[in-house]
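Below is one structure, written out as structure tokens; comments come after it.
The values are calculated or read from the model by the stated rules, or taken from the named source; none is laboratory data. Predicted model only: the values in this text are computed from it and were never measured. A quick note on method: Cβ atoms are made from the backbone with ideal geometry, for glycine too, and the neighbour counts reach across all protein chains shown. Accessible surface areas use protein heavy atoms only, side chains included; no ligands, DNA or RNA. Shrake-Rupley method; radii C 1.70, N 1.55, O 1.52, S 1.80 Å.
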Amino acid sequence: MFRSVQEAMRRLGLEERVLSLGYVPDGDMSALYAGAVALIMPTFFGPTNIPVLEAWSFGCPVLTSDIRGIREQVGDAAVLVDPRSVESIADGIRRLWTDEGLRAALAERGRRRLQSYTPADFRARLADILDEAKARIGSGKRG
């Protein structure tokens, strides 16, 4: 996949505009988030995606996938896109790139959302998960 992306960059003449960093040590990530226009993270996995939380902690707006779990994690603090749609991802990137007000609003919402992750909140969410699992096991329902 990475090689095909590099080939597309060459074919489109974008080598000078796209920088592939490879592995970035943890200690360097804060500077990347702080200097980024946005975190662009379309994914099929989730919902507890640490990069989203890291981005919020540095005031970096987020674009991520509109899928179950992530949708609930980010609420209104991210641009949500269909991870199967190049058009949806591109439109989300365009919105973030061109709308400074949107970026500022998402960064603020992300900071507020991050503040809601308290130990008490974690315990309540974990209790809800355990209660649901217990109910499913008791009813024989597995899905």
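Under 10 Å, Cα contacts only: if you run a Gaussian network model on the chain, which one of 38, 133, 105 comes out with the highest mean-square fluctuation? Taking springs between Cα atoms under 10 Å, the residue moving most is 133.
Computed with a 1.4 Å probe over protein heavy atoms only, the accessible surface of the chain comes to 70 Å² per residue. Taking the protein heavy atoms of the chain in the context of the full set of protein chains, the accessible area attributed to carbon and sulfur is 57 percent at 1.4 Å. Here the Debye sum runs over all C-alpha atoms of the chain as equal scatterers in vacuum, and log10 of I(q)/I(0) at q = 0.11, 0.15, 0.16, 0.17 Å⁻¹ comes out as -0.52, -0.88, -0.97, -1.06. Evaluated with a Cβ-only charge set (Lys, Arg +1; Asp, Glu -1), the chain carries a dipole of roughly 480 debye about its Cα centre, given to the nearest 20.
Angle of helix 86-98 to the longest C-alpha principal axis of the chain, folded into 0 to 90 degrees and rounded to 10: 80°. Towards the positive end of the charge dipole of region 1-108, with charges on Cβ (+1 Lys, Arg; -1 Asp, Glu), say which of 2, 77, 63 has the farthest Cα. Comparing the listed Cα positions along the dipole, 2 ranks first.
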